[in-house]
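Structure first, commentary second.
Coordinate-derived values only; no laboratory data. Please read all numbers here as calculations on a predicted model, not as lab measurements. Note that we place each Cβ from the backbone using ideal geometry, even for glycine, and neighbour counts take in every protein chain shown.
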């Protein structure tokens, strides 16, 4: 494994850990407050985590070929994730 691949794996793992932490905090906030915005926030961060996991697995499984497809998947999941995050901020009561 090349250095750049190791760095990519490490940064992806860090993103997944931070994202899952945010999902957990948002779910806990929903349980405590009952605010629907926290559900949207947790879904948004879950989609961002899904983007990181999906693209990392795809990149290593395909030996980093088909980069355009991988970037499209990443951008799609991340965009929809952030749409949910923004909606949670706008709809917060």
Sorted by average packing, counted as other Cβ atoms within 10 angstrom per residue and highest first, what order do 83-92, 61-70 take? 83-92, 61-70
The list (i) 29, 26, 23; (ii) 39, 34, 19; (iii) 47, 21, 15 gives values of Cα extents along the principal axes in Å, and only one came from this structure; which label was calculated from it? (iii)
Calculated FRET value between residue 89 and residue 27, using beta carbons and R₀ = 22 Å, to 0.05: 0.85
At 7 Å along the Cα-to-beta-carbon direction for both residue 10 and residue 63, put a label point, then send me their distance in nm to one decimal. 2.6
Once you place label points 7 Å from the Cα toward the Cβ at residue 54 and residue 17, how far apart are they in nm? 2.4
Contact order normalised by length for the chain, with contacts defined as Cα pairs under 8 Å and 6 or more residues apart; what percent is it? 32
In degrees from 0 to 90, rounded to the nearest 10, what is the angle of the helix 67-90 Cα long axis to the longest principal axis of the chain? 10
Just how far, in whole angstrom, is the range 44-82 from the range 15-33 if you go by their alpha carbon centroids? 21
